[in-house]
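Participant: One structure, pasted below without further comment.
Derivation of every value follows stated rules applied to the coordinates shown; laboratory data play no part. Just so it is clear, the structure is predicted and the values come from calculations on it, not from any experiment. Cβ: placed from backbone, ideal geometry, glycine included. Neighbour counts: every protein chain shown.
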Amino acid sequence: MVALQVVAIHQQSLSGDGAYHLLAGDQALRYGQNEINLEHPPLAKLVMALPQLTEDRPLAPRITVDQALVTVDRIHEQPQRLWRAAVAGRYLVLLVFALPFLAACYALGSVYADRRTGLVLLFLIGLSLSVVPYLTILQTDAAVAAGFLLVLLAVPRFAARGGLGRAALVGLALGLAVAAKHSGLLIAPAAVLAVALAWRRGQRWWRAPAQLLVIALLAAAVVELTYAAANLRYDSERGRQAIRLYCQNRGTLIVGDRLRAAEPLLLAVERREPRLAQWLTGLLGIRVQNAIGVYPSYAFGDVRPEGRWWYFPAVLALKTPLPILVAALAFAAGGLRRRRRWRRTLADLYPYLPLIVTGVVYLGTAIGSTYNLGVRHLLPILPLLYLPVARGLARRPRAAALVVALLALESLALTPLWMSATNTWWLGNRNPTRFALSASDLEYKQNFIQLARYARAHGIDDLKVIYPALGEAVVRAYLPDASLVRPDRPLAPGWYAVTVRVEQYLPVLARKKINPNVDRLAAAWQEPWRRLLAAAEDHGYVAGTFHLYYLPEAAP
C-alpha cells in the first residue's frame, strides 16, 4: 500500500485543484493571512505547503482572490519548483493524513468487529483502485476522511462509559474533520448520537448538555486554532476585501448575486471574529454553488448542472473494485436466504448506529448535491460501506486472501492510471463503462506525465494538445515542446492529443444549453473539433484519457 502511494506521489499529475490548494497554503504561511481558497478550511492546505518554508522564495507574490486562477497557471511556468513543491507536499499529506486514515480503517474494523476484520478492511481500502489515486493528490479528501474515522472511533467508548474526558476526544476529532473540509460537519450527528446513547445508559440528565457543550467548544477551538495558524499576521483591510470579492462573485466561487445579501453580515462578523467570518464565507459560498449547480457534470452520455440523485450509487457500482463488489453481492444473497434471522440481525445493529447514521446522512447529502464530481467525495464513508464485506471475509480467510490478492494485482496492473479505470478495466476497448463518467472519476487534469512519456517514446516532438479552458503553462510544465491548441487558429499538420472530455461534452453541448460560459466555450470548439475528426488519422487512446490523432495536412 505504501509503495502504491509512493508511485502515486511521483507519477500522478497535479489534480484539478491541487496547484490551487498548494498556492493557498503557501500564501497563508508566507504572508500570514488566509485570503484565497476560503471555500476550504486551511488545515490540509497548511500541511501540504509546509515544506515550502524551506524555499528561499514563495510560489507566487502576494495576491488577492480575484487573481488566484491566473496565478495558478503562472506558477506552472516554474515547473521544476512547482513539481518539487507538489512531491514534498504529497509526502507530508501521506504522513499526516493518508497513513493515519489507513490506520484508522484498521482500528474501525477492530472496534466495531474484531482485529481480523480490521486487517481485511485496511487491505480493502488501501489496495482499492477507487482509493489509491486520491490519498495524496493535494486535496482535502484524505484529511476529512481521517477526521470522520477518528470521530467514529471516539464515539463507542464515550457512548459506553460517558465522561467529559471521552466527550473531549469526540470534540477534538470533530474539530479536525471540520478544519479539513466543510463537509466535516456531516459527522456531527454521530457525535450528537453518542451523547444520546451515553444518556440512555443511565447518566444523570444534566450530563448530556454538559457533554454536548464540551464537544462543541473543543471542535470550535480546533477550527479556530487552524484558522489562527493561517492568519498569524492578519490585516483587517485585506481580510474584508477578500470577503467582498467572494460576495461580489469575483472570487474563486461562482455565486452570481446570491451572496451579496450576506456581505453586510459577514463584514460585521469580521469586525468581531475574522476567522469565523472566513469560515462562514466559505460555507455560504459552497452552499450557493451547490444551489446554482455550477459544475455541469458528464455521465452516461449526458451533461447536467443540476446533479442526479443516482450519480453516487452509479459511481459506487462502477468504481468499486470487482472483487469487493462480487463479495458484497455474495454476502447479500446469503443474507436473503437467511431471512428468518432478520429480527435478531436488526437487534445486533444497535452498536453500529453511529456508522449507520453517518452513512445515511452523508449519502443522503451527496445524493441531493449538484457536486457530481467523483468517488473521492465518498472517501469519508467508503470504510463504512466496506465494513460488512470485511467482516464477512474475515470469517473466510481463504476468500479474504483471494480478494486481497486480486485487489493488489489489479492496482499494480493499473499503475498509475487508477483514476481512469472502472471495475471493468480488464475489458479494454470493449469496456462499455470506460468513458461513462468524467471529472475526478476519469482524469481530473491527470495523465500528463504518461502522455509526455508516450510522446518521448514515439518521437513525437511537437505535440498539440486540445484541452479547453486549460492554461498553456500547465501543458508545458509536463510537455515543454507541446502547444495548446486554440479554437480560433488554423489546425496545423502534426500530432494531436485530445482529452476525452472533449469527446464527452461537445456532442451533448451541440444540442443542449447549460449556461452562458459553458455554451460559449463549447460553441468555440465545435467547428475545430469537427474539422479534426474529418481530416485526421485516428491512432487510438494513449495515457488513459487522451485520444491521439495525426493530421497530415493543415485544416484551416
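Participant: Distance from a point 7 Å along Cα→Cβ of Lys513 to each backbone N in region 267-300: keep the residues under 20 Å and list them by number.
Facilitator: Residues 292-297 qualify, since their backbone N sits under 20 Å from the label point.
Participant: Let me ask something else about it. Rounded to the nearest 20 debye, what is the charge dipole size of the chain about its Cα centre when +1 sits on each Lys and Arg Cβ and -1 on each Asp and Glu Cβ?
Facilitator: I would put it at about 2600 debye.
Participant: Which three lengths, in whole Å and largest first, does region 143-199 cover when its Cα atoms are put on their principal axes?
Facilitator: 29, 17, 14
Participant: Could you name the aspartates and glutamates in cross-link range of Lys512, using Cα to Cα under 17 Å and dropping any fewer than eight places away on the same chain?
Facilitator: Asp302, Glu306, Glu503, Glu527
Participant: Distance in nm between label sites at Gln67 and Leu409, each 7 Å beyond Cα in the beta-carbon direction?
Facilitator: Going from the Gln67 label point to the Leu409 one covers 5.5 nm.
Participant: Order these by the 10 Å Cβ neighbour count, fewest first: Val70, Val170.
Facilitator: Val70, Val170
Participant: Another one. Could you check the spin-label model distance between Asp462 and Val357? Points 7 Å from the Cα along Cα→Cβ, value in nm.
Facilitator: About 6.5 nm, to one decimal.
Participant: In region 447-551, if the dipole is taken from +1 on Lys/Arg beta carbons and -1 on Asp/Glu beta carbons about the Cα centre, which of His539, Tyr496, Leu506 is farthest to the positive end?
Facilitator: Ranked along the dipole, the leading option is Leu506.
Participant: Multiplying the sequence separation of Tyr350 and Asp114 by 0.36 nm and subtracting their Cα-Cα distance, what value in nm do you get?
Facilitator: Computed gain between Tyr350 and Asp114 is 83.3 nm.
Participant: OK, next. Evaluate 2.2 N^0.38 Å with N set to the residue count of region 447-551, then give the Cα radius of gyration divided by it.
Facilitator: Working it through for region 447-551, the quotient is 1.04.
Participant: Largest first and in whole Å, give the semi-axes of the chain's equivalent ellipsoid, each being the square root of 5 times a Cα gyration tensor eigenvalue.
Facilitator: 39, 31, 21
Participant: Order by neighbour count: Thr422, Thr64, fewest other Cβ atoms within 10 Å first, most last.
Facilitator: Least to most surrounded, the residues fall as Thr64, Thr422.
Participant: Per DSSP H run of n ≥ 4, the term is -39500 (n - 2.57); total these for the chain, divide by its residue number, and report the mean residue ellipticity at 222 nm rounded to 500 deg cm²/dmol.
Facilitator: -18500 deg cm²/dmol
Participant: Taking a ≥ b ≥ c as the square roots of the eigenvalues of the Cα gyration tensor of region 48-123, is the shape rounded (a/c under 1.5), prolate (a/b larger than b/c) or oblate?
Facilitator: Prolate, since a/c reaches 1.5 and a/b exceeds b/c.
Participant: Right, here's the next one. Cβ under 13 Å from Gly109's Cβ, Gly109 left aside: what net charge do those residues give with Lys, Arg +1 and Asp, Glu -1?
Facilitator: +3
Participant: To continue, here is another question. Determine, for each peptide in 535-547, 186-198, the mean count of other beta carbons within 10 angstrom over its residues, then list the peptides with the highest first.
Facilitator: Ranking the peptides 535-547, 186-198 by packing returns 186-198, 535-547.
Participant: Continuing with this model, one more query. Using only the alpha-carbon atoms, how far is helix 188-200 inclined from the longest principal axis of the chain? Give it as 0 to 90 degrees, nearest 10.
Facilitator: The answer is roughly 10 degrees.
Participant: In region 515-556, which trypsin sites (Lys or Arg not before Pro) are in a loop and have at most 16 other Cβ atoms within 10 Å, using DSSP for the loop call?
Facilitator: When the trypsin sites (Lys or Arg not before Pro) of region 515-556 are filtered for loop state and at most 16 Cβ neighbours within 10 Å, nothing remains.
Participant: Sticking with this one: Could you tell me how many degrees, from 0 to 90 and to the nearest 10, lie between the Cα long axis of helix 274-292 and the main elongation axis, the longest principal axis, of the Cα atoms of the chain?
Facilitator: 70
Participant: What list of ³J(HN,Hα) values in whole Hz, one per residue of region 511-516 in order, does the Karplus curve 6.51 cos²θ - 1.76 cosθ + 1.60 (θ = phi - 60°) give from phi, with Gly and Pro shown as x?
Facilitator: For region 511-516, the Karplus-derived couplings read 10, 9, 8, 10, 7, x Hz, x marking Gly and Pro.
Participant: Let me ask something else. For region 4-66, which GluC sites (Glu not before Pro) are both in a DSSP coil and crowded by at most 10 other Cβ atoms within 10 Å?
Facilitator: Passing sites in region 4-66 do not exist.
Participant: Taking neighbour counts of Cβ atoms within 10 Å as a proxy for exposure, in what order, fewest first, do Lys181, Lys513, Lys45 appear?
Facilitator: Lys513, Lys181, Lys45
Participant: Another one. Take each of the peptides 497-503, 311-317, average the number of other beta-carbon atoms within 10 Å over its residues, and list them starting from the highest.
Facilitator: In descending order of packing, they fall as 497-503, 311-317.
Participant: I've got another one for you. Straight-line reach from Lys513: which lysines have a Cα under 27 Å away, not including same-chain ones fewer than 8 places off?
Facilitator: List returned: Lys445.
Participant: Give the percent of DSSP beta bridges with both residues in the chain that are antiparallel, rounded to the nearest 5.
Facilitator: 75
Participant: State whether region 85-171 is rounded, prolate or oblate according to the following rule on the C-alpha gyration tensor (a ≥ b ≥ c being the square roots of its eigenvalues): a/c under 1.5 gives rounded; otherwise a/b larger than b/c gives prolate, and the remaining case gives oblate.
Facilitator: Since a/c reaches 1.5 but b/c is at least a/b, the shape of region 85-171 is classed as oblate.
Participant: Could you work out how far apart the two model spin labels at Ala332 and Asn431 are, taking each label as a point 7 Å from the Cα in the direction of the beta carbon, and quote it in nm?
Facilitator: 2.2
Participant: Now, a different point. Among DSSP beta bridges lying fully in region 447-551, give the percent that are antiparallel, nearest 5.
Facilitator: Counting only bridges with both partners in region 447-551, antiparallel ones make up about 65 percent.
Participant: Under 5 Å between amide hydrogens, which residues at least 5 positions from His539 or on another chain qualify, with H placed 1.01 Å from N in the peptide plane?
Facilitator: Distant-sequence amide H within range of His539: Leu548, Tyr549, Tyr550.
Participant: While we're here: Give me the net charge of Ala421's neighbourhood, meaning all other residues with Cβ under 13 Å from the Cβ of Ala421; Lys, Arg count +1, Asp, Glu -1.
Facilitator: -1
Participant: Regarding region 2-304, what are the three Cα extents along the principal axes, ordered largest first, in Å?
Facilitator: Computed over the Cα atoms, the extents are 59, 49, 47 Å.
Participant: May I ask you to list the chymotrypsin sites (Phe, Trp or Tyr not before Pro) in region 204-257 that are in a DSSP loop and have at most 16 other Cβ atoms within 10 Å of their Cβ?
Facilitator: Trp205, Trp206
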